[in-house]
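Everything on this sheet refers to the single structure shown next.
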Amino acid sequence: MIERVYLTGFMTSGKSTIGPILANVLGWEFFDLDKVIEKEHERSVVEIFEEFGEEYFRNFETETLERLCKHHNTIISLGGGTLSSDKNLSILKETGKIVYLRISAETIYQRLKHKIDRPLIRDLVLNERPKEEFIQRINKILDQRKNYYEKADIILDTDNNRIGITVDLLAAEMRRLMNACD
Ligand code: S3P
């Protein structure tokens, strides 16, 4: 029985956009991990990083995940860095199915190049650094996370897919998994 689906993937891979639509299609509950953390702090992720530091954010991320993973029939959009520790990987594996929305470094660059709400890239945008530096940073982070992301139960290459197509593919895949588990 599948009771939870976790959406993972790099920043801008579409987790927060696809999550609520998929939840709506399935009639499930939806949580966005970053939004839950922001609400509880009454601060943006950037402000939390600046005020309390990344380590604090990562610990709070795990604590929040430990609470959310008790909900049933739920889709949870993770932050891009949630699935980058053994601890979080085991929480996710033990409590649900993981979907990795995979996109290329080039697509990530195109989507991130003007965004100042991502603490791990923000300095490059603010300092108007060249594309090569963005790609370097993106690849470095991707390399650190790749082995975790690729432990997902479903991997979808979404570079060229429209959101509707991704949702349809995922909903079909989930129904298949649910039938297989009945
Ligand atoms: C992060 C991704 C962000 C957010 C924080 C850290 C990361 O979420 O959790 O800025 O480490 O990749 P999105 O993937 O939703 O942008």
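The values are calculated or read from the model by the stated rules, or taken from the named source; none is laboratory data. Remember, it's a predicted structure, so these values are computed and weren't measured experimentally. Neighbour counts run over all protein chains shown; Cβ positions are idealised from the backbone, glycine included. Accessible surface areas use protein heavy atoms only, side chains included; no ligands, DNA or RNA. Shrake-Rupley method; radii C 1.70, N 1.55, O 1.52, S 1.80 Å.
Below is a table of values for the structure above.
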quantity	calculated
Set LEU124, LEU156: member being outside any helix (DSSP H, G or I) and open to solvent by less than 90 Å² (accessible area, probe 1.4 Å)	LEU156
Some residue of segment 135-155 being touching a Ser or Thr at 6+ places or on another chain (Cβ under 8 Å) and closer than 18 Å to ILE18 by Cβ	yes
Of residues in segment 127-141 being crowded, with 17+ Cβ neighbours inside 10 Å and within 13 Å of the ligand (Cβ to nearest atom), the one nearest to THR12 (Cα to Cα)	ILE138
Count of segment 4-29 residues which are more than 9 Å from the ligand (Cβ to nearest atom) and open to solvent by less than 60 Å² (accessible area, probe 1.4 Å)	12
Which numbered condition LEU92 misses (of (1) more than 14 Å from the ligand (Cβ to nearest atom); (2) outside any loop (DSSP other than H, G, I, E, B); (3) surrounded by fewer than 20 Cβ atoms within 10 Å (Cβ to Cβ))	(3)
Any chance ARG118 is more than 16 Å from the ligand (Cβ to nearest atom), open to solvent by 30 Å² or more (accessible area, probe 1.4 Å) and either at pLDDT 95 or above or of a type outside the set (A, V, I, L, M) (or both)	no
Which numbered condition THR64 misses (of (1) β-branched (Val, Ile, Thr); (2) within 12 Å of the ligand (Cβ to nearest atom); (3) open to solvent by 40 Å² or more (accessible area, probe 1.4 Å))	(3)
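Listed here are the residues, each with its yes/no results for (1) in contact (Cβ under 8 Å) with a residue 12 or more places away in the chain; (2) within 14 Å of the ligand (Cβ to nearest atom).
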| position | (1), (2) |
| --- | --- |
| PHE31 | yes, yes |
| GLU38 | no, yes |
| GLU42 | no, no |
| PHE60 | yes, yes |
| ASN73 | yes, no |
| GLY96 | yes, no |
| GLU106 | yes, no |
